[in-house]
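Engineer: One structure, pasted below without further comment.
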Amino acid sequence: MVLNAIANRKSVRVYSNKVVDDFTVKSIIEAGIMAPSWVNVQPWHFIVVRDDAKKELLSQASGGQQQVKNASALICCVADMTAWEDEKFSKVMEKQGRNEAVRNYILNSEMLNPSRLGAVETLLRTVEQITYAIGYMTLRAEELGVGCCIVGAVANELTQAQGSDIGSSVKEILGLNDKQVLHSILTLGYEDEKKPTVKSRKDFDEVVSYEVLGQRFQ
C-alpha cells in the first residue's frame, strides 16, 4: 500500500554490492513519469548514470557525498524548461485532445504558462513540477526494496554553487542545454545494513490549520 511506502521510506546512503538491475530502475522511473504536472506539461527528463567516472564527477558536484559515487545507479532529475516552449507544450495538449482555441488560450495565459512571465518564473514552476515525479520515484523504490536518497545539494543554477566550473562540467557530461537544470540526483542501491525507519516530524497542529492560519483543525 502507498501509505506503507510513505511510512517506511527513508534516506539510504550506504549500499551493498548488489546491483539494482535496469528493469528495476526502469520501473522506478516509470512511476515518476506517471506523476501529475500542470496542464500535463511534464517538464522533466531523467538520465540514468552508471559510469564510474560520471558518478565521481557528480559526487564532487554534490560536495563529495559518497552515496552518489557508491550507488548502484543514479537517476539525474532534470528540470526541463524547454517543455514550456510553444511547439512542445502545444503538442502535449493536442495529444490530450485540446482544440486549437484552448491550446492558444493556455499558451498565451500568464497564469497557465509561466514562460510568458520570464525565465525565473519558468524555472520556479518547472522545479515545482519535477518534485512530484521525484516523490513518486522514491515511493516506488521503497515498494521494490531499493534504498534511495534525494541529493538536492548539487552545483547548479539553483544553489549557485558552481565553483571551479564543476556545474558546467556536469551539464556537459549530461548533455544539458541552458534551459535544462540538474535539479537533483536520486541515488539507488540496496541497503547495506537494514535499519528501522525513524521519522522526526513537526506536530500536526504546528503545520495544519483550519480555514485560517493558526486556527486549530479539530
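Engineer: So which residues in the stretch 9-26 are surrounded by fewer than 16 Cβ atoms within 10 Å (Cβ to Cβ), more than 20 Å from GLN66 (Cα to Cα) and not charged (D, E, K, R)?
Structural biologist: PHE23
Engineer: I've got another one for you. Filter the stretch 112-152 down to the residues that are of a type in the set (Gly, Ala, Ser) and within 29 Å of GLU85 (Cβ to Cβ), then identify the one that is nearest to the chain's Cα centre (by Cα).
Structural biologist: Going through the qualifying residues, I end up with ALA133.
Engineer: Just to confirm my filter: which helices (runs of 4 or more DSSP H) fall fully inside the stretch 114-208 and include at least 3 residues that are out of contact with any His (no Cβ under 8 Å at 6 or more places or on another chain) and crowded, with 18+ Cβ neighbours inside 10 Å?
Structural biologist: Passing ranges, in order: 119-143, 166-174.
Engineer: Being polar (S, T, N, Q), at pLDDT 95 or above and outside any helix (DSSP H, G or I): is that true of SER109 here?
Structural biologist: In short, yes.
This table checks each residue for (1) on the phi > 0 side of the Ramachandran plot; (2) of a type in the set (Gly, Ala, Ser); (3) at pLDDT below 95.
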residue	(1), (2), (3)
GLY175	yes, yes, no
LEU186	no, no, no
LYS194	no, no, yes
ARG201	no, no, yes
VAL207	no, no, no
GLU211	yes, no, no
GLY214	yes, yes, yes
GLN218	no, no, yes
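Engineer: Of the conditions (1) among the β-branched types (Val, Ile, Thr); (2) surrounded by fewer than 19 Cβ atoms within 10 Å (Cβ to Cβ); (3) in contact with a His (Cβ under 6 Å, 6 or more places away or on another chain), ILE6 clears all except one; give me its number.
Structural biologist: With (1) among the β-branched types (Val, Ile, Thr); (2) surrounded by fewer than 19 Cβ atoms within 10 Å (Cβ to Cβ); (3) in contact with a His (Cβ under 6 Å, 6 or more places away or on another chain) applied to ILE6, the lone miss is (3).
Engineer: Among all residue pairs at least 6 apart or on different chains, which show Cβ distances below 8 Å where the first residue, located in the stretch 85-99, is of a type in the set (Gly, Ala, Ser) and the second is surrounded by 13 or more Cβ atoms within 10 Å (Cβ to Cβ)?
Structural biologist: Going by the 8 Å Cβ cut-off, the qualifying pairs are SER90/ARG103; SER90/LEU107.
Engineer: If PRO36 passes every condition in (1) closer than 19 Å to VAL127 by Cβ; (2) surrounded by 12 or more Cβ atoms within 10 Å (Cβ to Cβ) but one, which one does it miss?
Structural biologist: Every listed condition holds for PRO36 apart from (2).
Engineer: Of all helices (runs of 4 or more DSSP H) completely enclosed by the stretch 1-101, which ones contain at least 3 residues that are modelled with pLDDT of 95 or more and within 15 Å of the chain's Cα centre (by Cα)?
Structural biologist: 22-33
Engineer: Of the residues in the stretch 72-100, how many are out of contact with any helix residue (DSSP H, G or I) (no Cβ under 8 Å at 6 or more places or on another chain) and farther than 30 Å from ASP21 by Cβ?
Structural biologist: Residues flagged as out of contact with any helix residue (DSSP H, G or I) (no Cβ under 8 Å at 6 or more places or on another chain) and farther than 30 Å from ASP21 by Cβ within the stretch 72-100 amount to 6.
The values are calculated or read from the model by the stated rules, or taken from the named source; none is laboratory data. Quick caveat, the model's predicted, so the values are computed rather than measured. Note: ideal-geometry Cβ built from the backbone for every residue, glycine included; neighbour counts use all protein chains shown.
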